[in-house]
Amino acid sequence: MSPSPRGLAVLLCAAALLGGCKKEEQPAPTEDRTLEKLRQEVDRVNQGGAPTAAPDETDPNARLAGLAAGQDQERPRTYALPSKEKVKVDTLALRPTGLESLHSLRGTGKVALTTDELFLRVTLDAENVGPQSVYVPFSTARVVDAGGKEYPLARDAQTLAGTRTLDHTWESAQSESMDLLFEVPPAAIGPGMSLLIPTSSGESARIPLQ
């Protein structure tokens, strides 16, 4: 899933403040307090201060704004992979090389996305080890947690900070590294979490992530 329209509105406002832009519209009275706190936090961080604790968790907009204000200071959390063995998707050999999570993703310029859940980035090395070309639709990849709940690709996040061309034909011996982006709740990241990639047989290849 992608961040909600309401959450994205708060993020865009936060990005405008971080970039020194001014919006012609005046904020609604009910938002004045949150935006004023965000302005103060952005000014303080820009002057070298460390981000403060997250805003009141009962206000999702305030929490999202706080995450956006501190996105430049956020460091991704990395996770150890249970295995880096190659997994075959037809003749495409996939080797997981990295797994990390973070609240905010930044693209080029001032474009950014923030979620109050987590963006999960899966990095893979892929190589077609067969004699013929093979087509793999990575756009239908998904993460599954230990309870069996599935999470599809986060489309906006994938476009912003991941591998953009996902569905294509791999020629024999063609190889490249790719990033897949998902949006998951923190509780989904734990033992039993896997990446599922569809194969031509209709079944899915499973790559253990935790």
- Would you be able to tell me the number of residues in the stretch 174-187 that are closer than 18 Å to Leu124 by Cα and open to solvent by less than 30 Å² (accessible area, probe 1.4 Å)? 5
- Test each condition in (1) assigned to a strand (DSSP E or B); (2) modelled with pLDDT of 95 or more; (3) out of contact with any Lys or Arg (no Cβ under 8 Å at 6 or more places or on another chain) for Leu195 and report the one that comes out false. (3)
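I want to confirm something. Restricting to the stretch 130-145 and keeping residues that are in a loop (DSSP other than H, G, I, E, B) and surrounded by 14 or more Cβ atoms within 10 Å (Cβ to Cβ), which single residue is farthest from the chain's Cα centre (by Cα)?
Step one: of the stretch 130-145, the residues in a loop (DSSP other than H, G, I, E, B) are 130-133, 141, 145.
Those left that are additionally surrounded by 14 or more Cβ atoms within 10 Å (Cβ to Cβ): 130, 141, 145.
On the way: Gly130: 31, Ala141: 14, Asp145: 16 Å.
In this case the residue turns out to be Gly130.
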- Note on the structure: Going through (1) open to solvent by 40 Å² or more (accessible area, probe 1.4 Å); (2) in contact (Cβ under 8 Å) with a residue 12 or more places away in the chain; (3) of a type outside the set (Ser, Thr, Tyr) one by one, Gly190 fails only at (1)
- Item | Boolean, Asp32 is charged (D, E, K, R), at pLDDT 95 or above and either touching a strand residue (DSSP E or B) at 6+ places or on another chain (Cβ under 9 Å) or open to solvent by less than 80 Å² (accessible area, probe 1.4 Å) (or both) | no
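Considering each residue of the stretch 152-173, count those that are assigned to a loop (DSSP other than H, G, I, E, B) and surrounded by 15 or more Cβ atoms within 10 Å (Cβ to Cβ), and give that number. Lay out the reasoning, then the answer.
Keep residues of the stretch 152-173 that are assigned to a loop (DSSP other than H, G, I, E, B), which gives 154, 162-166, 171-173.
From what is left, the residues that are surrounded by 15 or more Cβ atoms within 10 Å (Cβ to Cβ) are 154, 162-163, 166.
Number satisfying all stated conditions: 4.
The values are calculated or read from the model by the stated rules, or taken from the named source; none is laboratory data. Keep in mind it's a predicted model, so treat the numbers as computed, not measured. Every residue, glycine among them, receives a Cβ derived from its backbone with ideal geometry; neighbour counts consider all protein chains shown. Just so you know, the surface numbers come from the protein's heavy atoms only, side chains and all, with ligands and any DNA or RNA stripped out. Shrake-Rupley method; radii C 1.70, N 1.55, O 1.52, S 1.80 Å.
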